[in-house]
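Reviewing the structure listed below.
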Amino acid sequence: MQSMETSLETKIELIASKVNEIQDNLNRDNLKVHSILSTSKLLGLSIPTVRSLLDSGKLKYSQVGKRKLIRLEDINQFLLNCQRT
C-alpha cells in the first residue's frame, strides 16, 4: 500500500511539473495563459461565472490534465464579443 501511494505521488508530481513546464513555454513564447482564478480576477467575475462561460463555449480554453487554461488572446476575444452584443 505504501509503495502505491508513493508511486501515485510521484506521478502527480511529474504531471504537475509537466503542466508548469508547458505554462512556462507558453509564457516564454508570449502566449500568456491564465487559470480560472486569475481569469476571474482579470475580468472581475466570480469563479462560478468564469466556469459557466467556459462550459458554454463563450470563453475558449485549453485543458491540460484537469486544469483549464485560458489564453490572454481568448480573453480579449471574449471581451470584443461582449462589446458587439
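The values are calculated or read from the model by the stated rules, or taken from the named source; none is laboratory data. Predicted, not measured: the structure shown is a model, and the values here were computed from it. Ideal geometry is used to build each Cβ from the backbone, glycine not excepted, and the neighbour counts take in all protein chains shown.
Per-structure values
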item	result
Helices (runs of 4 or more DSSP H) completely within segment 35-84 that count 2 or more residues being surrounded by 15 or more Cβ atoms within 10 Å (Cβ to Cβ) and modelled with pLDDT of 95 or more	47-56
Residues located in segment 47-77, provided they are in contact with a strand residue (DSSP E or B) (Cβ under 9 Å, 6 or more places away or on another chain) and hydrophobic (A, V, I, L, M, F, W, C)	V50, L54, L59, L69, I70, L72, I75
Segment 54-75 residues that are without any contact (Cβ under 8 Å) to a residue 12 or more places away in the chain, paired with ones that are not hydroxyl-bearing (S, T, Y) (beta carbon under 8 Å, 6 or more apart)	Q63/L69
Only listed residue being over 22 Å from I15 (Cβ atoms) and of a type outside the set (S, T, N, Q), chosen from K41, K66	K41
Top-ranked residue of segment 11-34 - restricted to ones that are among the hydrophobic types (A, V, I, L, M, F, W, C) and outside any helix (DSSP H, G or I), ranked as modelled with the highest pLDDT	V33
